[in-house]
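In what follows, a structure is listed as structure tokens, so that the remarks can point back to it.
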Amino acid sequence: MKVYSMKLENFRFSYVNTIDPPKRSQPDYMYTIALFNGFICYINCLTDIDEEVGNMYYDLQIWIVNPDMGESLLLPQRKTPSFGYVLNVGVAYLRSDYKVFLIFCAGKDLKDYRFECEVYSSSTSSWRNIGTMHCVPMGILTPFKSHYVFVGGKIYWLSSLDAPGKILSLDWEGRFKVIP
């Protein structure tokens, strides 16, 4: 994958580097999900089918890439597979730590259907489940796009149509709040 930068004065692209992370699945399908502090977060989708039940499970390979240095880091796979789609990924950077927040559908089938969030921290190099979501962020049908802002140490999402007009907030420590 070739990475380019663009000069805002004249909208000209200039080549930065070629990134081809090892162990990448589905090499034609990498999505840019976030930019932060000179790094780029890419994802690509992994799928598996539970033959007994017939359900499809989803997970992501999540890459943190430094395009200037040509370096890439594959985050460890999560412990919890997703039933249905992985909904949203948010990336936050504070001081020397970055966190990746992943919102996904949990449960083994529709009767257990719920939305949960896991957080990856670069300081611990591990994932941690931070609980069930109070409402679902907007962007359910477009999971490979960023639908959040990171301001003042918190990530904010507009809520989906199940809670119209509300904002979902998630702080650096992984605490949720719904703002009316």
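The values are calculated or read from the model by the stated rules, or taken from the named source; none is laboratory data. No experiment lies behind these values; they were computed from the predicted model shown. Cβ sites come from the backbone with ideal geometry, for glycine too, and all protein chains shown count toward neighbours.
Could you figure out which of (1) at pLDDT 75 or above; (2) within 13 Å of the chain's Cα centre (by Cα) isn't true of Asp59?
It is condition (1) that Asp59 fails.
Would you confirm, using the coordinates I've provided, whether Ser169 is at pLDDT 80 or above, within 27 Å of Met30 (Cβ to Cβ), more than 15 Å from the chain's Cα centre (by Cα) and surrounded by fewer than 19 Cβ atoms within 10 Å (Cβ to Cβ)?
Details: at pLDDT 80 or above: yes; within 27 Å of Met30 (Cβ to Cβ): no; more than 15 Å from the chain's Cα centre (by Cα): yes; surrounded by fewer than 19 Cβ atoms within 10 Å (Cβ to Cβ): yes.
Judged against the criteria, Ser169 is not a match.
Which of (1) modelled with pLDDT of 80 or more; (2) under 28 Å from Leu74 (Cβ atoms) is the odd one out, the single condition Gly152 does not satisfy?
(2)
Among what's in the range 125-149 and is aromatic (Phe, Trp, Tyr) and modelled with pLDDT under 80, pick the residue that is surrounded by the fewest Cβ atoms within 10 Å (Cβ to Cβ).
Going through the qualifying residues, I end up with Phe144.
If Phe104 meets every condition in (1) surrounded by 13 or more Cβ atoms within 10 Å (Cβ to Cβ); (2) modelled with pLDDT under 70; (3) farther than 28 Å from Val16 by Cα apart from one, which number is that one?
Phe104 satisfies every listed condition except (2).
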